[in-house]
Amino acid sequence: MSSILDDQLRLMALKQYGLIKSIKTPDISYADLILILKNTENETIKQLAAEKLLKETNIYDIYKADLKLILKNTENETIKQLATEKLQYLNSHPRLGWAGSLARANRLGSFHSESTKD
């Protein structure tokens, strides 16, 4: 429940600042871009958010679900093509996907637990 309220408050703050202005801010977070993409009906704003996500997010840091969200929420063919290419790349490299993320997290967790032993 609190995460829903947090999202609503963040979205209200972004809207108050201006969604386009927020998107163009160099330090806008990945989470804020996804929040904007999910919660706006304006095609221009969707396109700007999707474009920024695709162009400024490292392939290793973008999630398949978010690429599918971009494909679902934009009508711009160039953006759809770029999202499709990144999704195909992630699908052809399973170590970069969800399972790879879990494996990396588990490995880091085991390193942490090893280093904290007395």
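Some observations on this one:
- Filtered residue count, the stretch 5-42, keeping only those that are in contact with a helix residue (DSSP H, G or I) (Cβ under 9 Å, 6 or more places away or on another chain) and among the acidic types (Asp, Glu): 2
- Sole residue being at pLDDT 95 or above, within 15 Å of the chain's Cα centre (by Cα), surrounded by 15 or more Cβ atoms within 10 Å (Cβ to Cβ) and under 29 Å from residue 4 (Cα atoms), chosen from 70, 36: 36
- Verdict on residue 14 being farther than 23 Å from residue 82 by Cα, modelled with pLDDT of 95 or more and surrounded by 15 or more Cβ atoms within 10 Å (Cβ to Cβ): yes
- Some residue of the stretch 17-33 being within 14 Å of the chain's Cα centre (by Cα), among the small types (Gly, Ala, Ser), surrounded by 16 or more Cβ atoms within 10 Å (Cβ to Cβ) and at pLDDT 90 or above: no
The values are calculated or read from the model by the stated rules, or taken from the named source; none is laboratory data. Just so it is clear, the model here is predicted, and its values are computed rather than measured. Reconstructed Cβ throughout: ideal geometry from the backbone, glycine too, with neighbour counts over all protein chains shown.
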